[in-house]
2 protein chains.
Amino acid sequence: MAEAPPATAGPTPGPAVHELLAAYRNGSLTPGAHVRRVLDLVAAHGDDGTWISVDAEAALARAAELEATPGAADLPLYGVPFGVKDSIDVVGWPTTLACPSYAYEPRETAPAVQRLLDAGAICLGKTNLDQFATGLNGTRTPYTVPRSVFGGDLVSGGSSSGSARAVALGEVPFAVATDTAGSGRVPAALNGVLGYKPSRGLVSTVGLVPACRSLDCLSLVVADPADLRTVLDLMVGVDERDAWSRPYARLDVDEHALVVGLPDEDGLTFFGDEATADAHTRARAVVAGLFRTTATSLAPFLAAGELLYSGPWVAERLVEFGDFLSVAHDDVVPVVGDIIRGGARFAATDVFRAQYRLAELKAEVGRLFASMDVLVLPTIGTTFTVPEVLADPVGTNTVLGHYTHFGNLLDLCAAAVPAGTTADGRPASLMVLGPALSDDAVLAVATRLAAHLPTSAPIEESR
Amino acid sequence: MAEAPPATAGPTPGPAVHELLAAYRNGSLTPGAHVRRVLDLVAAHGDDGTWISVDAEAALARAAELEATPGAADLPLYGVPFGVKDSIDVVGWPTTLACPSYAYEPRETAPAVQRLLDAGAICLGKTNLDQFATGLNGTRTPYTVPRSVFGGDLVSGGSSSGSARAVALGEVPFAVATDTAGSGRVPAALNGVLGYKPSRGLVSTVGLVPACRSLDCLSLVVADPADLRTVLDLMVGVDERDAWSRPYARLDVDEHALVVGLPDEDGLTFFGDEATADAHTRARAVVAGLFRTTATSLAPFLAAGELLYSGPWVAERLVEFGDFLSVAHDDVVPVVGDIIRGGARFAATDVFRAQYRLAELKAEVGRLFASMDVLVLPTIGTTFTVPEVLADPVGTNTVLGHYTHFGNLLDLCAAAVPAGTTADGRPASLMVLGPALSDDAVLAVATRLAAHLPTSAPIEESR
């Protein structure tokens, strides 16, 4: 597994949304000045695989326009820069999916992103991803391959590699990502920031190029947990053009009554990575100190994840990209093309069989959630370096998705929360999972955990 | 279409459940005496394609046992004979699916049927069906091909042909059927009785040999609407072994506030059958006289029906029967074998594409139900004779399912209510449809309609 990175590495978040707004309001900062500072930072980071395209001129013009618009300063995201994963349409940027030959110029901004722009946010550009959002490791791009901000040549995670890095590097306080099988949570975990995958249907997926249309979610990466609620509340909303859209019914959560499920530790695997196992044990102790907990089985969750990994859902990617991939393109990442074309091996009967099994597992999971509000797991069981992933691109990717694959199949919502580092300085992360539409419970637990867990240092033994 | 049957034809229901219970309680009848009378009636009807197997000895023994059991007379179905479609397991009878070479001896009675037995009901035997529950017309059986009780060589409808006939002939007050694409509603319509298809998941499907496992429902056929509520209430219940099981949350229905959707008449088709169109117009006038109505679009419903008819769900039947059909069997009905084997032409991508389209249609239908509680349609647009169906077994079957195909795909509940006859004496039926878990609203409307509509004569013009 990974070598030890420099002990000083980790996320270096910039100002949070609420901090920026406060600075703008007290006159100590202007959107234009902040955007210039951010553009300088992006330039200083160089071609690090975070962004596919940044439009400095457009961002500065937008900042100036906001400054000149009466009343704009009252907008909830006034002058806040953000990034958008490059599988989501934003007018003014080509949508590439990290495949230049696939790129097109969108005629409409994704409504969920438009809501952020309408709230005064400034889109800096489009972030890098595993091509066609097919991957959890971050190496599957023809652009520069990004690395984790923890260094040591660790992979950034994917597919929302750039969105996680942009936040972890302090360039933006939040970035829009996606999460079908872990794409929003795994890179958040590997870069020491928060990833939030809402219940499916709360945030419109219109304007997202689908990976698995029946499973895709827009997700968020943030550094400050307070920003999660702010930005998510702006993004959610029923959209008649999204067939999976459903309303967000706010829950009245009593934080002190919440019951957190923890699986038996022998149901967890860390793939031989003792340091990550140890970091997780310390993080679990913090969970147990903060919440009522109950023991639960992980078996049906992992069985659903196995179903996604080995099952016919990959054919959904073929529905979307089959025509494009039927012609040779130099910039298609070979492993990505192979995976997607592999969807052709599944028959209709395979889909129904897998969906029957999934229905059983869903019912079983529903019964488990009758005795807990949320479940807390590791987000990732271990880390890999870029060479390790390139040497075994499919095997390592499956390991990275061990705890995230099942989330959307089982219709769960999930947060990845930084949970200290291993003794050798690699990132650890806790995942909080809840049943569909229990977002408020998951957010409450995630926020409280974030307040008690470090991001760039090991959790101390005595906690 | 069909020739005019004798004007005197139609259903000849026997005593309803509440009438039998009253007679048993006042001592004017005993279960044993009634069962003997019913067995005589069945014998008098001869080999008419209603039953695949009747166990007279077992029924008489069961009646005697009930009579001898202290307290049994208080059971809600004490001494009530009923029939069960022969795709549902009942210990003591082989489950044949109308294919003797497929038959097996079940080791456990389907829990939903067991609940009826536990309530004191007496299973007479297993009823005929379109083989493997694949058909809506009733001719697809190696046993005797049943006819509609309206005569004129009209098909009985299927696949629950025998269950509908047993009720319409007055042999039993209710029979257990199934309904995947109309199998419970179409034969009820063609025999002048009530068919009820609950919301999916309310009645356990354990012990049912699946047709399309993701869509199958156990359903009921009754002659007296009052019996529907009695029997349904006994059958519903969460079953952990049924992955689609969900609880029945009783609704508080204000009958007078219900809004009934009626599609524009030009959105309805009767396949050139003017007499059925006329009968439906008269029945609609009765609906409009009894309820607040609103105009609605039928387009997304019919589009979903088309999706079922032409789409990949037939592969679900291949999952179930593919192995059996891979070997030649003399008693497989050729058109049934061809249809099921045809499921092999669909790829995984076809399933996902169809499911995406279905998700869109479901969302559209959900929006339509925001302005109505239930929708009322014809159950069938026309009738066919047995020779007409045999001459075009697939085309006529599709016509019979025009208004029923979409019900389970769109997760609706539905009742088929007898609605008089055509001027030439063929049956007409109204179908009441509501969104999932609105069973109480559908039952309320169906019960009221049944009280105002004849079963064996045309609705008079002036109503």
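Every read-out reported here was derived from the displayed coordinates using simple, explicitly stated rules and does not represent laboratory data. Quick caveat, the model's predicted, so the values are computed rather than measured. Cβ: placed from backbone, ideal geometry, glycine included. Neighbour counts: every protein chain shown.
Structure notes:
- Residues whose amide H comes within less than 5 Å of that of B:V155, counting only those at least five positions distant or on another chain, are B:S148, B:F384, B:T385, B:V386 (H built at 1.01 Å from N in the peptide plane).
- The mean number of partner chain beta-carbon atoms within 10 angstrom of a residue's beta-carbon across peptide B:349-362 is 6.
- Taken over the protein assembly as shown, the ratio of Cα radius of gyration to 2.2 N^0.38 Å equals 1.06.
- Alpha-carbon centroids, the stretch A:385-428 and the stretch B:410-451: separation in whole Å: 53
- Per-copy distances of the B:H18 label point, shortest first, in nm (7 angstrom along Cα→Cβ): 6.2
- Taking a straight Cα-Cα cut-off under 23 Å and skipping sequence neighbours fewer than 8 places away in the same chain, the lysines within cross-link reach of B:K85 are B:K126, B:K197.
- When B:A249 is represented by a point 7 angstrom out along its Cα-to-C-beta vector, the spacings to that point in the other copies are 0.5 nm, nearest first.
- For B:P187, the shell of other residues with beta-carbons less than 13 Å away shows a net charge of +4, using +1 for Lys and Arg and -1 for Asp and Glu.
- For chain A, calculated [θ]222 nm from helices alone, where every DSSP H run of n ≥ 4 adds -39500 (n - 2.57): -11000 deg cm²/dmol
- Three-way shape call for the stretch A:75-141 based on the alpha-carbon gyration tensor, with the a/c threshold at 1.5: prolate
- Around B:Y248: net Lys/Arg minus Asp/Glu count, Cβ-Cβ under 10 Å: -1
- Inter-part distance where the stretch B:206-241 and the stretch B:284-320 are each reduced to a Cα centre, Å: 20
- Looking at the protein assembly as shown alone, DSSP beta bridges between its own residues are antiparallel in about 65 percent of cases.
- Remark: spin-label model distance B:D338-B:R250 equals 5.0 nm, labels positioned 7 Å along the Cα→Cβ axis.
- What the Cα atoms of the stretch B:103-256 give is an Rg and a Dmax of 15.1, 49 Å.
- Rounded, prolate or oblate (a/c below 1.5 giving rounded, otherwise prolate when a/b exceeds b/c) for the stretch A:1-105 by Cα gyration tensor: oblate
- Filtered GluC sites (Glu not before Pro), the stretch A:1-82: DSSP coil and at most 15 other beta carbons within 10 Å: A:E3
- Dipole in debye (nearest 20) - the stretch B:255-462, about Cα centre, beta carbon charges: Lys, Arg +1; Asp, Glu -1: 440
- Annotation for B:E108, label-to-label distances across the other copies: 5.0 nm (shortest first, one decimal, point 7 Å from Cα along Cα→Cβ).
- Relative contact order for the stretch B:1-134, counting Cα pairs under 8 Å that sit 6 or more residues apart, in percent: 27
- A P(r) calculated from all alpha carbon pairs of chain B, with 10 Å bins opening at zero, reads 5, 23, 34, 27, 10, 1, 0 percent.
- Debye, to nearest 20: dipole size of the stretch B:17-235, +1 on Lys, Arg Cβ, -1 on Asp, Glu Cβ: 460
- Principal axis extents of the C-alpha atoms in the stretch A:5-53 (largest first, rounded to whole Å): 39, 27, 14.
- Overall form of the stretch A:387-463: oblate. Here a/c, set by the Cα gyration tensor axes a ≥ b ≥ c, is 1.5 or more, and a/b is not larger than b/c.
- The mean sequence distance of close C-alpha pairs (under 8 Å, at least 6 residues apart), as a share of the length of chain B, puts its relative contact order at 18 percent.
- Rounded to the nearest 0.05, the FRET efficiency derived from the C-beta distance between A:R345 and A:V91 at R0 = 51 Å is 0.85.
- Full-stretch length increase - A:A43, A:A285 - with 0.36 nm per residue and alpha-carbon distance subtracted: 83.0 nm
- For the rotation carrying A onto B, the chain A residue whose Cβ lies nearest the axis, with the distance in whole Å, reads A:V351, 2.
- B:Y248, A:Y78 arranged by Cβ crowding within 10 Å, fewest neighbours leading: B:Y248, A:Y78
- Where Rh is the Kirkwood radius over Cα pairs, Rg/Rh for the stretch B:255-462: 1.01
- Here the residues A:R357, B:R62, ranked from fewest to most Cβ neighbours within 10 Å of their Cβ, fall in the order A:R357, B:R62.
- Our estimate of slack between B:D118 and B:E461, defined as 0.36 nm per intervening residue step minus the Cα-Cα distance, is 118.9 nm.
- Computed over the stretch B:314-435: relative contact order in percent, which uses C-alpha pairs under 8 Å that are six or more apart: 24
- FRET efficiency for B:R292 and B:A226, using Cβ-Cβ distance with R0 set to 25 Å, rounded to 0.05: 0.55
- Each Lys or Arg adds one and each Asp or Glu takes one away; over the other residues whose Cβ falls under 13 Å from the Cβ of B:G366, this sums to -2.
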